[in-house]
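All remarks here apply to the structure that follows.
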Amino acid sequence: MDYSVLISLMIKVALLIISGYILKKTGILTETVEQGISGMILKFILPCSVLASAGNGFGKGMASGLLIMGASALLYYLAAIGLTGLLGRIFKLGEEKRRIFITLTVFANTAFLGYPISQELYGNEGFVYAVVYNMFYQLFFFTYGIGLIRGSREKSLRSVLVTPANLALLAMICLAAFHITLPDVLQDTLSSVGNMMVPLSMLVIGCSLVGMRPIEMLKDRQCYLVSAFRLLVYPLLALFLLRLFRVSEPIASLSVILAGLPSGSLNVIVAKQYHCEGDFAARSVVQTMVLGVVTIPFIIWLCTVI
């Protein structure tokens, strides 16, 4: 892999986060505007991004590979949710911190970082497999993840499941399953709106760091727990199991790499929207991104030698 791709992605992320910090620090982005952007991402930009992903065609010759990748992603999320929920109780985290700890540890940045890395390693085939993996991320995050952060026990099942993102996910699955192609002008519009999600999410993360000293991120032991499991423990477990069951390449390596990416920025957006440990979420996401510069190449290297 050309590691300059990974380095350039991380630099882009850092610059966007710094921009958000400066905009909030100088008063250009106020708390009200920040909350408005978070709401717009969840209720408009994110659904557009989900619908736009329906335009990624899945070739018929890859049917068996897509099923295996889908099964791998499904098993990862079921196992990671169960294990992380248990860890949250073992470490005796507070209720709100336990909920955000679970989503930070389970849900990675499988689209913004996962797509270019997968394509760089395995070309268009790798990209399509990454799209399938990300579909399961969307399925679990938009139902279980958001419901957990917002405190679904206090909400009706309908209010948890019937959201703009979930409705868009259902539409995307139908479009992909029946090979329905959207008109070019609509597809381009959805893609243009969806492309705003990453930069705006990073700006919000930068805003969250205002008033937070760097030493807080370094001293927060619970952030290190997120980083350890997100960047090392889960991908190493995935590597062991996939090699044990002799899952073919490139599905095995891609599953491991996607399981070892930094925590997704949507964790911060949703946490701030529902007032669930937003500062802790921001610290954890930034820390996993910084440490990921070292751990991601290490995980990729392990996949080539084991």
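The values are calculated or read from the model by the stated rules, or taken from the named source; none is laboratory data. This is a predicted model, so every value here is computed, not measured. Neighbour counts run over all protein chains shown; Cβ positions are idealised from the backbone, glycine included. Protein only, heavy atoms only, side chains kept; ligands, DNA and RNA dropped before computing areas. Shrake-Rupley method; radii C 1.70, N 1.55, O 1.52, S 1.80 Å.
Structural remarks
- Residue in the range 193-209 that is open to solvent by 40 Å² or more (accessible area, probe 1.4 Å), over 20 Å from the mean Cα position of the chain (by Cα) and of a type in the set (A, V, I, L, M, F, W, C) present: no
- Among all positions in the range 149-159, there is no residue which is at pLDDT 85 or above, open to solvent by 90 Å² or more (accessible area, probe 1.4 Å) and among the charged types (D, E, K, R).
- Pairs with Cβ under 9 Å, 6+ apart, first in the range 8-27 and closer than 16 Å to ARG283 by Cα and part of a helix (DSSP H, G or I), second of a type in the set (Ser, Thr, Tyr) and open to solvent by less than 80 Å² (accessible area, probe 1.4 Å): VAL13/SER265; LEU16/SER201; GLY20/SER208; TYR21/SER208
- Among the residues of the range 161-198, those that are modelled with pLDDT under 80 and closer than 14 Å to ALA111 by Cβ comprise ALA165, LEU169, MET172, MET197, VAL198.
- Number of the exception - VAL285 against (1) open to solvent by 10 Å² or more (accessible area, probe 1.4 Å); (2) out of contact with any Lys or Arg (no Cβ under 8 Å at 6 or more places or on another chain); (3) aliphatic (A, V, I, L, M): (1)
- Unique match (being part of a loop (DSSP other than H, G, I, E, B) and open to solvent by 10 Å² or more (accessible area, probe 1.4 Å)) among VAL247, VAL294: VAL247
- Residue-level check: of (1) open to solvent by 10 Å² or more (accessible area, probe 1.4 Å); (2) at negative phi, GLY114 misses just (1).
- Filter result (out of contact with any Asp or Glu (no Cβ under 9 Å at 6 or more places or on another chain), of a type in the set (A, V, I, L, M), assigned to a helix (DSSP H, G or I) and buried (at least 16 other Cβ atoms within 10 Å of the Cβ)) within the range 66-104: LEU66, ILE68, MET69, ALA73, ALA80, ILE81, LEU83, LEU87, ILE102, LEU104
- Residues (within 13 Å of the chain's Cα centre (by Cα) and either modelled with pLDDT under 90 or outside any loop (DSSP other than H, G, I, E, B) (or both)) located in the range 258-280: LEU258, SER263, GLY264, SER265, LEU266, ASN267, VAL268, ILE269, VAL270
- Filter pass, LEU218 being in a helix (DSSP H, G or I) and without any contact (Cβ under 8 Å) to a residue 12 or more places away in the chain: yes
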